[in-house]
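First up is the structure itself, then whatever we jot down about it.
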Amino acid sequence: MTDSAHATIPVGLTRPPGTAARAGSLAVTLALWAFVLGNLAAIIYFWQYGYGDGLAYHWHSFDNVLVGMGRLTAFLSGYFALIEVVLLARLPFVERKVGFDKLTIWHRWNGHAVIYLALAHVFCTVWGYAKQDGNGILTEYWNWLTLPQPKAPGAAAAVVGGAGGAPCLSVLPGACGGSHAAATSPYPGIITATIGTFLLVLVFVTSLVVVKRKLSYEWWYAVHFMAYGAIALAWFHMIPDGNDLIVSPGWQDYWMGIWCFAALLVFLFRLLVPAVNTFRFGMRVTEVTHEGPGVVSLRVTGRNLGRLGTKAGQFFFWRFLTKGFWYTQHPFSISEAPDGTSLRITVKDLGDHTAKFGQIPIGTRVVVEGPFGVFIDDGRANRKRLLVAGGIGITPVRALLEVMTGDVVALYRVASNDDLVFADELERISRERGIKVSYVVGDHTTPEGRDLLSPKHLQELVPDIAERDVYICGPVGMIDAIVPNLRRANVSREHLHVERFAL
Ligand SMILES: Cc1cc2nc3c(=O)[nH]c(=O)nc-3n(C[C@H](O)[C@H](O)[C@H](O)COP(=O)(O)OP(=O)(O)OC[C@H]3O[C@@H](n4cnc5c(N)ncnc54)[C@H](O)[C@@H]3O)c2cc1C
């Protein structure tokens, strides 16, 4: 282990964020939650009271319960699917409040909810109608795909009298002994719904860890992209086939409204803003530097880059418009504090895409989405800080070392000396800014390396570690190994800032 320099500068140079800023942030967070939960409450309310006779209507018999649950799960899966889209629409104001990694976790769990609810909808609806129509489940489903539907869907959707005066929700001609209108053609919405559900299941299966590991990221992403198709197809099922919506034009308008709102956000923030920024900032690669074995830095220069509002510690999604790169975008943190004229990234060869980075020609046009990330200086220089970098996780840490003031120390963990990047730059920053940077070198799979950055070792390296805000960045394996050690070294959860190099 090497200590490159050691000094401290006075604490308390900047003030903690004011109470007004904190109150503003809380207000935005509460407003977002109110919006999400308010819509959810409206949907459940409508399901209960908007069609038929409230819950009593759905609870009248077992088949009605099934159909009622089928409808509720349809609304909820549709709503959660829209939230899913919005969660990854990369809305800057949401990202700033929540953080990209947390949004990605929410996206994952919300995705589970969408698929389970969609399958529950299919199962409950087909089973419920099958019971009402006196069919087997598969026969009922086949009928929907192939048999003519009632001529006037609105009329068919109204509650018709079943045997013994019981409500019957079937929309199939002649079902429940009721009086359906004359038939015309099969349900188009069932076909689109079937394709959409199949696509959702495909996305779900390819996202399972065991399957995902076997796919290249590009293939996984291409399949994942189909979720947008599935959600679009659901529109053609829900709007023409959803009984509740057919009988209530206001409710139909509401659904179309939230659907269009989600589509608009995606269009704006995933397509329009990056496209406009490409022309606005005119970013191009102006320098390619080989930093060491398998590590390349790219400098990207453009007009008025200060207007991006980038902070040290943040990352962008980068797309390079050159052969072999244009079709995919990857997340990389900036490895220098932004100066308003250029941005630098430093990339380690970890796979098929990053292996080719040294070949990107000077002058290549660059499209970015971002900046993203809350792994930034919180301005609380009255708190002491410890920065921990693992391997290529040094990139945002190096940028932060340029801007953080107060009592800052850093640990740089690498498996071998060959993995050290920016040794000269760190030496300089350390000297100029009076920051102690300690290198922790060793292979964790060997007996000598096993205890590096253990709780005891951390306390030896940084005796006042429990009094510090800790910023840690690196590959997932390293983060998962070190974060528990930091906690055991008495670093509280609220003082931990984590950036994982995986989404
Ligand atoms: C917020 C963040 C910041 C990062 N900053 C840096 C950095 O400064 N320097 C650096 O060298 N690496 C950084 N990475 C990691 C880098 O994005 C991956 O190493 C790189 O995308 C691997 O691509 P590949 O095709 O060469 O490797 P592959 O072998 O194809 O992929 C390896 C793994 O990288 C991830 N990955 C691949 N492609 C993408 C993509 N398009 N979008 C999201 N994840 C993907 C997947 O988890 C995949 O399993 C960062 C990652 C994140 C999430």
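The values are calculated or read from the model by the stated rules, or taken from the named source; none is laboratory data. Only a predicted model underlies this, so the values are computations on that prediction, with no experimental measurement involved. With ideal geometry, Cβ positions are generated from the backbone for all residues, glycine too; neighbour counts draw on all protein chains shown. What goes into the accessible areas is simple: the full protein's heavy atoms, side chains included, and nothing from ligands, DNA or RNA. Shrake-Rupley method; radii C 1.70, N 1.55, O 1.52, S 1.80 Å.
Evaluate segment 463-473: report whether one residue or more is within 16 Å of the ligand (Cβ to nearest atom) and touching a Gly at 6+ places or on another chain (Cβ under 6 Å).
Taking segment 463-473 as the starting set, the residues that turn out to be within 16 Å of the ligand (Cβ to nearest atom) are 471-473.
Pick out the ones that are also touching a Gly at 6+ places or on another chain (Cβ under 6 Å) and you get 473.
Taking every residue of segment 463-473 in turn, at least one turns out to be within 16 Å of the ligand (Cβ to nearest atom) and touching a Gly at 6+ places or on another chain (Cβ under 6 Å).
Residues in segment 302-310: is at least one surrounded by 17 or more Cβ atoms within 10 Å (Cβ to Cβ), under 27 Å from the mean Cα position of the chain (by Cα) and assigned to a strand (DSSP E or B)? Before you say what the answer is, go through the steps one by one.
Within segment 302-310, the subset surrounded by 17 or more Cβ atoms within 10 Å (Cβ to Cβ) is 302, 305, 308, 310.
Cutting the leftovers down to under 27 Å from the mean Cα position of the chain (by Cα) gives us 305, 308, 310.
Now restrict to residues that are assigned to a strand (DSSP E or B): none.
For segment 302-310, residues surrounded by 17 or more Cβ atoms within 10 Å (Cβ to Cβ), under 27 Å from the mean Cα position of the chain (by Cα) and assigned to a strand (DSSP E or B): absent.
I'm checking my understanding of the structure. Among residues of segment 204-236 that are open to solvent by less than 40 Å² (accessible area, probe 1.4 Å) and within 19 Å of the chain's Cα centre (by Cα), which one is nearest to the ligand (Cβ to nearest atom)?
Taking the candidates together, the pick is 220.
Are there any pairs with C-beta distances below 6 angstrom linking a residue in segment 97-113 that is within 14 Å of residue 77 (Cα to Cα) and outside the structural domain of residue 82 (by TED's automatic domain parsing) to a residue that is open to solvent by 30 Å² or more (accessible area, probe 1.4 Å) and away from the ligand (no atom under 16 Å from the Cβ), with the two at least 6 apart or on different chains, and if so which?
From segment 97-113, no pairs qualify.
Please state which one of 339, 349, 407, 378 is out of contact with any Ser or Thr (no Cβ under 8 Å at 6 or more places or on another chain), in contact (Cβ under 8 Å) with a residue 40 or more places away in the chain and more than 23 Å from residue 475 (Cβ to Cβ). Quick ask: steps written out before the conclusion?
Values: 339 fails: in contact (Cβ under 8 Å) with a residue 40 or more places away in the chain; 349 fails: more than 23 Å from residue 475 (Cβ to Cβ); 407 fails: out of contact with any Ser or Thr (no Cβ under 8 Å at 6 or more places or on another chain).
Exactly one of 339, 349, 407, 378 is out of contact with any Ser or Thr (no Cβ under 8 Å at 6 or more places or on another chain), in contact (Cβ under 8 Å) with a residue 40 or more places away in the chain and more than 23 Å from residue 475 (Cβ to Cβ), namely 378.
Out of all the residues in segment 237-247, is one or more more than 25 Å from residue 126 (Cα to Cα) and open to solvent by less than 50 Å² (accessible area, probe 1.4 Å)?
To start, the set of residues in segment 237-247 that are more than 25 Å from residue 126 (Cα to Cα) comprises none.
Within segment 237-247 (the criterion being more than 25 Å from residue 126 (Cα to Cα) and open to solvent by less than 50 Å² (accessible area, probe 1.4 Å)), the answer is no, since none of the residues qualifies.
Tell me, which helices (runs of 4 or more DSSP H) lie completely within segment 62-136 with 2 or more residues that are under 26 Å from residue 45 (Cβ atoms) and open to solvent by less than 30 Å² (accessible area, probe 1.4 Å)?
Values: elements: 62-87, 92-98, 100-133.
Hits in segment 62-136: 62-87, 100-133.
Could you run through segment 313-337 and say how many residues are more than 26 Å from residue 99 (Cα to Cα) and aliphatic (A, V, I, L, M)?
Of the residues in that region, 1 qualify.
Is it the case that segment 416-434 has a residue that's open to solvent by less than 30 Å² (accessible area, probe 1.4 Å) and under 30 Å from the mean Cα position of the chain (by Cα)? Walk me through how you get there before you give the answer.
Let us first name the residues in segment 416-434 that are open to solvent by less than 30 Å² (accessible area, probe 1.4 Å), namely 421-422, 426, 429-430, 434.
Those left that are additionally under 30 Å from the mean Cα position of the chain (by Cα): 421.
Checked against the condition, which is being open to solvent by less than 30 Å² (accessible area, probe 1.4 Å) and under 30 Å from the mean Cα position of the chain (by Cα), segment 416-434 yields at least one hit.
Report yes if some residue within segment 423-435 is within 20 Å of residue 486 (Cα to Cα) and free of Cβ contacts under 8 Å to residues at least 24 places away in the same chain; otherwise report no.
no
Is it true that residue 482 is among the aliphatic types (A, V, I, L, M) and touching a helix residue (DSSP H, G or I) at 6+ places or on another chain (Cβ under 7 Å)?
Values: among the aliphatic types (A, V, I, L, M): yes; touching a helix residue (DSSP H, G or I) at 6+ places or on another chain (Cβ under 7 Å): no.
Against the criterion (among the aliphatic types (A, V, I, L, M) and touching a helix residue (DSSP H, G or I) at 6+ places or on another chain (Cβ under 7 Å)), residue 482 does not qualify.
Identify all residues within segment 320-338 that are out of contact with any helix residue (DSSP H, G or I) (no Cβ under 8 Å at 6 or more places or on another chain) and open to solvent by 50 Å² or more (accessible area, probe 1.4 Å); write none if there are none. Steps first, please.
Initially, segment 320-338 is screened for residues out of contact with any helix residue (DSSP H, G or I) (no Cβ under 8 Å at 6 or more places or on another chain), giving 320-323, 326, 329, 331.
321, 323, 326, 331, listed by residue number.
When the residues of segment 344-354 are narrowed to those that are more than 16 Å from residue 327 (Cβ to Cβ) and of a type outside the set (D, E, K, R), which ends up most open to solvent (accessible area, probe 1.4 Å)?
Step one: filter segment 344-354 for residues more than 16 Å from residue 327 (Cβ to Cβ), giving 344-350.
Still in the list and also of a type outside the set (D, E, K, R): 345-347, 350.
On the way: 345: 1, 346: 6, 347: 3, 350: 134 Å².
Here the answer is 350.
Name the residue that is farthest from residue 347 (Cα to Cα), counting only residues in segment 489-501 that are open to solvent by less than 50 Å² (accessible area, probe 1.4 Å) and within 16 Å of the ligand (Cβ to nearest atom).
So in segment 489-501, the residues open to solvent by less than 50 Å² (accessible area, probe 1.4 Å) come out as 489, 491-492, 495-499.
Subset that is within 16 Å of the ligand (Cβ to nearest atom): 497-499.
Numbers: 497: 22, 498: 19, 499: 16 Å.
Taking the candidates together, the pick is 497.
Here is a list: 364, 341. Which entry is more than 7 Å from the ligand (Cβ to nearest atom) and open to solvent by 60 Å² or more (accessible area, probe 1.4 Å)?
Values: 364 fails: open to solvent by 60 Å² or more (accessible area, probe 1.4 Å).
Exactly one of 364, 341 is more than 7 Å from the ligand (Cβ to nearest atom) and open to solvent by 60 Å² or more (accessible area, probe 1.4 Å), namely 341.
Given the criteria within 11 Å of the ligand (Cβ to nearest atom), among the hydroxyl-bearing types (Ser, Thr, Tyr) and in a strand (DSSP E or B), does residue 346 qualify?
On the way: within 11 Å of the ligand (Cβ to nearest atom): yes; among the hydroxyl-bearing types (Ser, Thr, Tyr): yes; in a strand (DSSP E or B): yes.
In short, yes.
Identify the residue in segment 369-400 that is farther than 30 Å from residue 279 by Cβ and acidic (Asp, Glu) and, among all such residues, is surrounded by the most Cβ atoms within 10 Å (Cβ to Cβ). Quick ask: steps written out before the conclusion?
So the first thing to find is which residues in segment 369-400 are farther than 30 Å from residue 279 by Cβ, and the list is 377-394, 397-398, 400.
Next, only the ones that are acidic (Asp, Glu) stay: 377-378.
Numbers: 377: 23, 378: 15.
For segment 369-400, the residue satisfying everything is 377.
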